[in-house]
1. Say we join alpha carbon atoms closer than 10 Å with springs in a Gaussian network model of the chain; which of 19, 189, 94 then has the biggest fluctuation?
2. Just how many % of Cα pairs in segment 105-171 lie over 19 Å apart, if you round to the nearest whole percent?
3. Over segment 1-65, what is the relative contact order in percent, taking alpha-carbon pairs closer than 8 angstrom and at least six residues apart?
4. Using a 10 Å cut-off on Cβ atoms, rank the peptides 165-177, 197-209, 235-247 from the highest mean neighbour count down.
5. Cα atoms only, segment 1-133: Rg and Dmax in Å?
6. Go from 0 up to the bin containing the longest alpha carbon distance in segment 99-255, width 5 Å each, and give me the % of pairs per bin.
7. Grab every C-alpha pair in segment 122-212, bin the distances at 5 angstrom width from 0 up to the longest one, and report whole percents.
8. Given 10 °C and 1.306 mPa s, compute D for segment 161-224 with the Stokes-Einstein relation, Rh being the Kirkwood radius over Cα pairs; round to the nearest whole µm²/s.
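Just so it is clear, none of the values below were taken in a lab; they were calculated from the coordinates. Predicted model only: the values in this text are computed from it and were never measured. Cβ atoms come from the backbone with ideal geometry, glycine included; neighbour counts cover every protein chain shown.
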Amino acid sequence: MRIYHSIQTNLLLYDDSWNKVFESVFRWNVSTSYDFFSSLRPYSVSTFLDRLKKFQDRSGKPGYVICVLNKENDKKVLDICMIAEENGFHIKLNYLYPAGAARRLEFFTPVEYLRALKKVFEHRDEFPSVVIDPVDMFIDYAKGKIMELPCPVTNRCVGKIFALMPDGKIYQCGEMADIGEGYLGDVKNGIDQERFSELLEVSFVLDEKCMKCGLCGGGCLKQRRLYAGDMKVPTPFCTVWKEMYRSALNYLEKS
Ligand code: SF4
Ligand code: SF4
């Protein structure tokens, strides 16, 4: 078994003293986040791009930036992609979910998320030098380049991803920790096998339509808990993922 370590940071305190840790522990598997055109951002866009540029120069990597789409910035999704293209970083367009600081903003629906992503599909070729996920994940999946759709689509993350939080607690992932679910143990005592088995079991939805479809296997546990109120039912993002897959096939047909 091979274990890859990565770190998620907003780079706010990034300076050269971090390079040794980033290189030797994380092998530059560093992802960051910035919510463009949104009041959720903790500091200005120029400060963020400045930190990111330093990271790009030191690591020789483009950087992978997670940007949360919400009602404030979803109409600017193409401007966000252009900022990525102009500054040479890859981007993952996530969606605002009602937890943490996001509670103060208006609820962003799966339909609104889909609308924004479909716009990216329509203009995908205008941003040739960067990866734009989850749009590119679906294109790769439709091409057969990857056999499974990764996070935020999959139900197969349990046992493959573990998130170590700053307080030493271990969760399924940071997003599950945000909503107070998926606690699996702590750094001192390790993984609680009973909790882990329960989560693994619940991740496999034995729904007939999911077994026939197979696209997301019932989907992300956080979505099921937050949007459907029950981790035992398939994700309410079902239509989003099916439509994304159709868009990826259309994109490939046209290109
Ligand atoms: S896309 Fe819908 S039907 Fe298909 S596996 Fe996912 S939740 Fe089930
Ligand atoms: S539970 Fe959802 S957000 Fe967490 S790793 Fe799995 S797919 Fe990603």
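1. Checking each option, the largest mean-square fluctuation is seen for 189.
2. Tail fraction, whole percent: 53.
3. Worked out over segment 1-65, it gives 36 percent.
4. Going from most to least packed, we get 235-247, 165-177, 197-209.
5. That works out to 15.3, 43 Å for Rg and Dmax.
6. 2, 9, 16, 19, 18, 16, 12, 7, 3, 1, 0
7. 3, 12, 17, 17, 16, 13, 11, 8, 3, 1
8. The estimated diffusion coefficient comes to 126 µm²/s.
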